[in-house]
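Accompanying notes for the structure given below.
The values are calculated or read from the model by the stated rules, or taken from the named source; none is laboratory data. Model, not experiment: these values are computed from the prediction. Don't worry about glycine lacking a Cβ; one is built from the backbone with ideal geometry, like all the others, and counts go over all protein chains shown. For accessibility, only protein heavy atoms count, side chains too; no ligands or nucleic acids. Shrake-Rupley method; radii C 1.70, N 1.55, O 1.52, S 1.80 Å.
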Amino acid sequence: MSVAANLAGIKERIAAAAARCGRNPDEIRLVAVSKRQPVEKIASAIAAGHSLFGENYLQEARDKVAALPDAEFHFIGHLQSNKAKEATGMFSLIHTVDRLKLARRISARALELGIVQDVLVQVNVGRDPNKSGIAPEELEPLLAGIGELDGIAVRGLMTMPPQGDMAGTRACFAALRSLAEKAAAYGLIPAGFELSMGMSGDFEAAIAEGATLVRVGTAVFGPRG
Ligand SMILES: *Cc1c(COP(=O)(O)O)cnc(C)c1O
């Protein structure tokens, strides 16, 4: 299947999933995850009318961002604090802020650049020892800390559930949404918050639980190189 055909199929499935739970499909953006995919495949997605991509590795993203100035890129990988400076300003949204030290570095660089860097806070809802993300009980103090920084704006939350059955995955998505609702009620994130959750195997469940950004890689581009 071509990237164009895959994209059309995924967009149809997003619309159908939204319709099933009475949501407006325009509230849900597809982040086509292009890590370890060649620039030509991203270019074919752009030719098919898709412009939003997610990258995990800074070094690889740097070349793609330069080669494809008309595309919009989000950063969805683990971000080391010593790479924060380079990432700031390269991506319209960084999904993976999970500690104050990283937020401080992003803030400092954004102030140098005279921009506001939009970010999401990654929460390890499933307490998976192999995954990044802040523990749920530490979320509010982190949000309060970031709220004191200039040049960085938290737009919502992101999660990656542990490997497991669909019921457990869906429970993680629901838990992220309730954390976001609580944080919004305290004014720690905007009322119209973003929820980045759902990948190739589970994006429909994520939409049912309120996802506004679904990160879909292999179902768009095929297996990674
Ligand atoms: C790779 C990756 C995805 C996409 O996964 P697929 O199963 O290929 O859809 C989504 N989110 C993150 C954070 C990833 O690293």
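Residues being among the acidic types (Asp, Glu), without any contact (Cβ under 8 Å) to a residue 24 or more places away in the chain and surrounded by 14 or more Cβ atoms within 10 Å (Cβ to Cβ) are entirely absent from the range 32-41.
If you go through the range 148-207 and keep only what is over 28 Å from ALA87 (Cα atoms) and hydroxyl-bearing (Ser, Thr, Tyr), you end up with THR169, SER178, TYR186.
Within the range 137-187, take every residue that is closer than 26 Å to GLU112 by Cα and assigned to a loop (DSSP other than H, G, I, E, B) and give me the one that is least open to solvent (accessible area, probe 1.4 Å). Give the derivation first.
At the first step, the residues of the range 137-187 found to be closer than 26 Å to GLU112 by Cα are 141-157.
Then keep just the ones that are assigned to a loop (DSSP other than H, G, I, E, B); that gives 148-151.
Details: GLU148: 153, LEU149: 39, ASP150: 104, GLY151: 11 Å².
Once the filter is applied, the top-ranked residue is GLY151.
Checked against the criterion of being free of Cβ contacts under 8 Å to residues at least 24 places away in the same chain, over 22 Å from ILE106 (Cα atoms), within 11 Å of the ligand (Cβ to nearest atom) and surrounded by 14 or more Cβ atoms within 10 Å (Cβ to Cβ), the range 190-198 contains not a single residue that satisfies it. Across the range 133-182, the number of residues qualifying as small (Gly, Ala, Ser), more than 16 Å from the ligand (Cβ to nearest atom) and within 23 Å of THR88 (Cβ to Cβ) comes to 5.
The residue that is nearest to GLN122 (Cα to Cα), counting only those in the range 173-212 that are within 14 Å of the chain's Cα centre (by Cα) and among the small types (Gly, Ala, Ser), is SER196. Restricting the range 203-225 to residues that are closer than 23 Å to VAL119 by Cα and either without any contact (Cβ under 8 Å) to a residue 12 or more places away in the chain or in a loop (DSSP other than H, G, I, E, B) (or both) leaves a set whose member that is nearest to the ligand (Cβ to nearest atom) is GLY217.
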